[in-house]
Amino acid sequence: MNPLPLGNLEPHRFEDLVRQLLYDFRHWRRLEATGRSGADCGFDARGWEVVSSEESEPLPLQPEGELEGNAPAISPTEDRLWLIQCKREQRIGPRQISKYIADLPEEEVKNLHGIVLAAACDFSKRTRDAFRSACAARGIDEWHLWGQAEIEDRLFQPENDHLLFAYFGFSLRIRNRSLKSQLASRLATKRRVAKLVDTYQPILIRDATDDRYPRPADGPPEARLTRGRWAVLRIDGLEHDAIRVVARRHFAVLRSDDQWDYAELMDDAKLRPHEDPWSESDTEDARRLRSEAMTLWETQPESERAWYELLGRIPFDDILAVDETGDETFAYPQIYTSQWDPSQGPFKGFYARIRTIRYDARELFVGKDDVTRLEVFPRKTANRSK
């Protein structure tokens, strides 16, 4: 969270904010906004603290280190006068803060018990020491210096959340409720998707905004089974914040020294028509390329045969709903997403995994330009695009 923009408040609004933060600072008989009149004699606000034992309630406990001056015993018979000064300045140094105290009228200071000086900036140790010395020199009993840090500390207290919202437009209480709702939604989605992982059923992933489903083109039904913004794939598993889907699947080899290659001319992630109504029948060329890749694959030692899988991530926050039963066109579970990128579909990122086929499988995660890639299978291009 960035620092609150206290310096952007209009001067009178900054005075209002400080005065309202003071309501719980002491038990006041009166707290006046004298600064709004213009002729304030150095007082932006002043207050009379109730100290009569018959009328007062116990004073609120102050956080450790709150009192910067001496705190004399409370008189049971008289109210105590406090001065509040507000400075909406970017920087206040020792000399300047000493001058503020020195310029207070003598007739006001002689009856003064305490002072709160608030500013929309941070104070150095030297400035704080100068403030303390100047107040003591003028016989002021209590003194408090509120800089950016002290004002933020008070605004972030639960009892002042309404002021945080009124002056800066956001609420920690509302934010926490929003985070709680978001977390509950994320966990509910995770539980629903977890039920689908072990079934190894095909899953329809749909863009919820694509109302062309299930037939985006005109014409008879048999001619209209072309694909819109949806895809039929299989879920590989769950991560802490997303589901992991097999976007591509290829024959591969993985050597004991972690050198590897995969058959990029075929793709077994594409499902057959009995599982994917929009699947195009395999062409003779596609069947030939798969057969050639499989022949090469089977010549490799069994311990080195593997699958290369490109795994796409769909964050739980992008999943709007999960339909476990499907419909008349696709009778398997369906996942509705809120995001569909033209180049990446429903995925937010990919990574590649190579895993051997034996019971004691080895795994390797690889990048696009991994230098350990071999040349076992034919490539699409000379640049080995993937």
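For the range 100-126, enumerate the residues that are closer than 17 Å to Leu6 by Cβ and crowded, with 20+ Cβ neighbours inside 10 Å.
As a first pass, look at the range 100-126 and keep what is closer than 17 Å to Leu6 by Cβ: 116-123.
Across the range 100-126, the qualifying residues are Val116, Leu117, Ala118, Ala119, Ala120, Phe123.
Residue-by-condition table, conditions (1) more than 29 Å from the chain's Cα centre (by Cα); (2) modelled with pLDDT of 90 or more; (3) farther than 30 Å from Tyr213 by Cα; (4) among the β-branched types (Val, Ile, Thr):
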{"position": "Val322", "(1), (2), (3), (4)": "no, yes, no, yes"}
{"position": "Phe330", "(1), (2), (3), (4)": "yes, yes, no, no"}
{"position": "Trp340", "(1), (2), (3), (4)": "no, no, no, no"}
{"position": "Phe347", "(1), (2), (3), (4)": "no, yes, no, no"}
{"position": "Arg353", "(1), (2), (3), (4)": "no, yes, yes, no"}
{"position": "Ile357", "(1), (2), (3), (4)": "yes, yes, yes, yes"}
{"position": "Phe365", "(1), (2), (3), (4)": "no, yes, yes, no"}
{"position": "Arg373", "(1), (2), (3), (4)": "yes, yes, yes, no"}
{"position": "Ser385", "(1), (2), (3), (4)": "yes, no, yes, no"}
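So is Val109 in contact with a Lys or Arg (Cβ under 6 Å, 6 or more places away or on another chain), in contact (Cβ under 8 Å) with a residue 24 or more places away in the chain and not basic (Lys, Arg) or not?
Yes; evaluated as a whole, the condition is true for this residue.
Being assigned to a loop (DSSP other than H, G, I, E, B) and farther than 21 Å from Tyr200 by Cβ is the filter here, so list the residues in the range 330-343 that pass it.
Taking the range 330-343 and keeping what is assigned to a loop (DSSP other than H, G, I, E, B), we get 330-333, 338-340, 342-343.
Once the filter is applied, which keeps residues that are assigned to a loop (DSSP other than H, G, I, E, B) and farther than 21 Å from Tyr200 by Cβ, the range 330-343 yields Ser338, Gln339, Trp340, Pro342, Ser343.
The values are calculated or read from the model by the stated rules, or taken from the named source; none is laboratory data. Everything quoted here is computed from the prediction, not taken from an experiment. Using ideal geometry, Cβ is built from the backbone for each residue, glycine included, and neighbour counts are taken over all protein chains shown.
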